[in-house]
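Data first, discussion second: the structure below is written as structure tokens.
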Amino acid sequence: MASVIELEVAAGSADGQFTVRVVRSPAGGHSTAMMHLDAQQYLDARDDLETVVLASAATSRRICSPGEQRLRNVGQQLFEPLFSGPIYEAYRTSASAASIHHLQGRRPT
């Protein structure tokens, strides 16, 4: 069984509104949900976020810099509205399937 989730995100009928549709997932079905997001705030911060991403790839450390923490916060702010309701359920099913698939691949023959 494939453990991939494929989503389609399209502009909605109003500013800041997006339609999220599950195209493929182990859960089957084609769940759809609406997502509200102020994309302009992320576009305005794009240069700063890009700088943080490039800088974070240069070294490995256990403590996040303030810039890296900001980037993680942005990721969380994007994840939560995207993966909510039926979309989150499809994501959870996909994650579980991936975990099971990974464990089955490690079983001795």
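All of the numbers you see were taken from the coordinates with simple rules; none came from a lab. Since we're looking at a predicted model, the values are computed, not measured. Every residue, glycine as well, gets a Cβ built from its backbone with ideal geometry; the counts of neighbours run over all protein chains shown.
Mind listing whichever residues of the range 1-20 are in a strand (DSSP E or B) and loosely packed, with under 15 Cβ neighbours inside 10 Å?
Kept after step one, since they are in a strand (DSSP E or B), are these residues of the range 1-20: 6-11, 17-20.
Selection gives Glu6, Glu8, Val9, Ala10, Ala11, Gln17, Thr19.
Taking the condition of being assigned to a loop (DSSP other than H, G, I, E, B) and under 21 Å from Ala97 (Cα atoms), how many residues in the range 21-53 meet it? So that I can check it myself, show each step before the final result.
Quick first cut of the range 21-53, residues assigned to a loop (DSSP other than H, G, I, E, B) only: 25-31, 37-38, 45.
From what's left, under 21 Å from Ala97 (Cα atoms): 25-31.
Of the residues in the range 21-53, 7 are assigned to a loop (DSSP other than H, G, I, E, B) and under 21 Å from Ala97 (Cα atoms).
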